[in-house]
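Q: I have a structure here, written as structure tokens, and I will follow up with some questions on it.
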Amino acid sequence: MLMGIRLQAHPNSGQKLILSQWMGCARFIWNAKCEEDRYLSTFAKKYMPIGVYAPIDQKFSQYKDGVLSPWLSDCPSQILRNSVSNWFQTYKAFLKGECGKPKRKPKTDAGSIHLTNELFRFETCDDGVTRLFVGTKTNNIGYLSLKNHGPYQPPKSIHIKRRLGQYFVSFCYEDPVDDTSLATGHDHLEYLRGASLEFLNQHTVGIDRGIVRPVQAGAEVFDLTPEQKRSKTRTARYLKRLQRRLARQKKGSNRRRKIKGKIGRAHLKMANIRRDFCHKASHAIVSNPNHKVIILEDLKTKNMTKAPKPKQTESGHWEKNGASAKAGLNRQILDQGWHQFETFLKYKSFRAGKALFKVSPHMTSQECAACSHTHPGNRQSQASFVCGACGHTDHADRNAAEVIKKRAIVLILDSGSELSSRGVLLDSGRGATVKTRRASARRARGSEASKKRGEAAPAA
């Protein structure tokens, strides 16, 4: 199975200088091909017959000139070749409609180079430490210090990236796991159709993602550690001070550049905390032997974090639309890393041979896990859930996780349910053997007395 890994590198001052020069040469070649394509495309539109287009190739020798660009001779030609090859592959993907057109890369603190296997080698020394040699015999930077945090197979190509003064080596490698023998989502669904209700109740876990409680997996809560919370709070206060200082700096000055670097490192620190939490929470859920079927909500974060539309009266005055409060909510939603957690959970459950499905999130926070009564009045506060029909009381997030679990179990046992390309369980309505209000929130809405909050609803 193809796996990716990223290792932090610690080059010395001399290696940093050479790597910076190589990254600049790779960027120069990329930008030169972008400018060449723009010039030839404009020429073809103006002066060539209809149907004649600019040629697309991987030539770069015309840019190596002893007078105009002598620095390119100091860079290994394989790096320049790889930069042109990546540009060419990106352009072909653009013609297929898979991505955008290659654009110029600005000169920033970030940079990267693509090295194929003739430009590096991993060596295991007598002390058991794996070291990376970068470069050719005549043009190299020597051994690059790496922080290895796990075993891996030697790759065929690597990327050395620089971001905010930090260097990383990333690559893909084949591990011993054979992905062709692992079950897909459709295989899991077909197998679980024959399972008993008791088995599914025992080995299925519903996961509710929120803000106060980032992950509620059944009765278990996963949250940041107290030290991580304090670190994020300190970093957020530090970011506010830096943003105020940045607003007073003169554009283009060195001090403004330094402040922007500090802001980027602060954001990177918060992103690392978020990534660490997503890794640990997903690993704990998948490693639990009782969790054989994992259920998530099909959340669309992009739609949930849209800015509210402006409100204008007939006289032309603008009314308050709650944009400030919605901006704060959007910031909290994006800070939880819901999509990143889902991505980690997907590949870890696939490797572990466990099923992962998604269900519709419609009304999961307002539906009762005991009697399926759905009403806005059931959610009395952020944490409190009290059913207006049966009186069931629970924490709102734990009740939502139980609703997600029961909704998925009904759809799994329903012979008419289908699995979409995004892994969402859908009730097709054809040949269903299990008919219950818990199958979907659409059926549960039939038991509502009113949509208005605060109105009493009769018991089902």
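Q: Within segment 406-417, is even one residue surrounded by fewer than 21 Cβ atoms within 10 Å (Cβ to Cβ), in contact with a Phe, Trp or Tyr (Cβ under 9 Å, 6 or more places away or on another chain) and either part of a loop (DSSP other than H, G, I, E, B) or among the basic types (Lys, Arg) (or both)?
A: Taking every residue of segment 406-417 in turn, none turns out to be surrounded by fewer than 21 Cβ atoms within 10 Å (Cβ to Cβ), in contact with a Phe, Trp or Tyr (Cβ under 9 Å, 6 or more places away or on another chain) and either part of a loop (DSSP other than H, G, I, E, B) or among the basic types (Lys, Arg) (or both).
Q: Among the residues in segment 224-235, are any touching a residue at least 40 places away in the same chain (Cβ under 8 Å) and among the acidic types (Asp, Glu)?
A: No, because not a single residue in segment 224-235 is touching a residue at least 40 places away in the same chain (Cβ under 8 Å) and among the acidic types (Asp, Glu).
Q: Conditions: (1) modelled with pLDDT of 90 or more; (2) in contact with a strand residue (DSSP E or B) (Cβ under 8 Å, 6 or more places away or on another chain); (3) surrounded by 14 or more Cβ atoms within 10 Å (Cβ to Cβ). Asn290 meets all but one. Number of the miss?
A: With respect to (1) modelled with pLDDT of 90 or more; (2) in contact with a strand residue (DSSP E or B) (Cβ under 8 Å, 6 or more places away or on another chain); (3) surrounded by 14 or more Cβ atoms within 10 Å (Cβ to Cβ), Asn290 is out only on (3).
Q: Which of the residues belonging to segment 325-381 are part of a strand (DSSP E or B), buried (at least 21 other Cβ atoms within 10 Å of the Cβ) and out of contact with any His (no Cβ under 7 Å at 6 or more places or on another chain)? Talk me through it step by step, then tell me what you get.
A: Of the residues in segment 325-381, the ones part of a strand (DSSP E or B) are 355-359, 367, 374, 379.
From what's left, buried (at least 21 other Cβ atoms within 10 Å of the Cβ): 355-359, 367, 374.
Within segment 325-381, Leu356, Phe357, Lys358, Val359, Glu367, Thr374 meet the criteria.
Q: When you go through Arg255, Arg274 one by one, which is the residue that is in contact with a Gly (Cβ under 7 Å, 6 or more places away or on another chain) and either surrounded by 13 or more Cβ atoms within 10 Å (Cβ to Cβ) or not hydroxyl-bearing (Ser, Thr, Tyr) (or both)?
A: None of the other options fit; the residue is Arg274.
Q: Scan segment 155-178 residue by residue and report those that are touching a Phe, Trp or Tyr at 6+ places or on another chain (Cβ under 9 Å) and exposed (fewer than 13 other Cβ atoms within 10 Å of the Cβ).
A: Selection gives Lys156 alone.
Q: Please find, among Lys240, Lys262, the residue that is surrounded by 12 or more Cβ atoms within 10 Å (Cβ to Cβ) and over 30 Å from Leu425 (Cα atoms).
A: Details: Lys240 fails: surrounded by 12 or more Cβ atoms within 10 Å (Cβ to Cβ).
Criteria check complete, one pass: Lys262.
Q: Quick check on Ser282: is it surrounded by 16 or more Cβ atoms within 10 Å (Cβ to Cβ) and either outside the structural domain of Ile404 (by TED's automatic domain parsing) or in contact with a His (Cβ under 8 Å, 6 or more places away or on another chain) (or both)?
A: yes
Q: Right, here's the next one. Restricting attention to segment 183-198, which residues are more than 22 Å from the chain's Cα centre (by Cα) and surrounded by 14 or more Cβ atoms within 10 Å (Cβ to Cβ)? Steps first, answer last, please.
A: The first filter runs over segment 183-198 and keeps only residues more than 22 Å from the chain's Cα centre (by Cα), leaving 183, 186-198.
Correct list: Ala183, His188, Leu189, Leu192, Ala195.
Q: On to the next question. Looking at this structure, is Lys269 surrounded by 15 or more Cβ atoms within 10 Å (Cβ to Cβ), charged (D, E, K, R) and farther than 21 Å from Asp397 by Cα?
A: Criteria met by Lys269.
Q: Considering every residue within segment 85-103, establish whether at least one is within 24 Å of Asn140 (Cα to Cα) and out of contact with any strand residue (DSSP E or B) (no Cβ under 7 Å at 6 or more places or on another chain). Explain how you work it out, then say what you get.
A: Our first condition is that a residue be within 24 Å of Asn140 (Cα to Cα); within segment 85-103, this holds for 85-86.
Filter once more, so that each one left must be out of contact with any strand residue (DSSP E or B) (no Cβ under 7 Å at 6 or more places or on another chain): 85.
Looking through segment 85-103, at least one residue is within 24 Å of Asn140 (Cα to Cα) and out of contact with any strand residue (DSSP E or B) (no Cβ under 7 Å at 6 or more places or on another chain).
Q: Tell me, please, whether a residue that is surrounded by 10 or more Cβ atoms within 10 Å (Cβ to Cβ), part of a helix (DSSP H, G or I) and not polar (S, T, N, Q) can be found in segment 52-62.
A: no
Rundown of residues vs (1) under 33 Å from the mean Cα position of the chain (by Cα); (2) modelled with pLDDT under 90; (3) farther than 18 Å from Phe94 by Cα; (4) not assigned by TED's automatic domain parsing to the domain that holds Phe133, yes/no style:
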residue: Ala26; (1), (2), (3), (4): yes, no, yes, no
residue: Ile29; (1), (2), (3), (4): yes, no, yes, no
residue: Leu40; (1), (2), (3), (4): no, no, no, no
residue: Gly51; (1), (2), (3), (4): no, yes, yes, no
residue: Gly66; (1), (2), (3), (4): no, yes, yes, no
residue: Leu80; (1), (2), (3), (4): yes, no, yes, no
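Q: Sort through Asn290, Asn330, Asn321 and tell me the only one that's under 18 Å from the mean Cα position of the chain (by Cα) and either outside the structural domain of Ser420 (by TED's automatic domain parsing) or among the polar types (S, T, N, Q) (or both).
A: Asn330
The values are calculated or read from the model by the stated rules, or taken from the named source; none is laboratory data. Only a predicted model underlies this, so the values are computations on that prediction, with no experimental measurement involved. In this analysis, Cβ positions are derived from the backbone assuming ideal geometry, glycine residues included, and neighbour counts consider all displayed protein chains.
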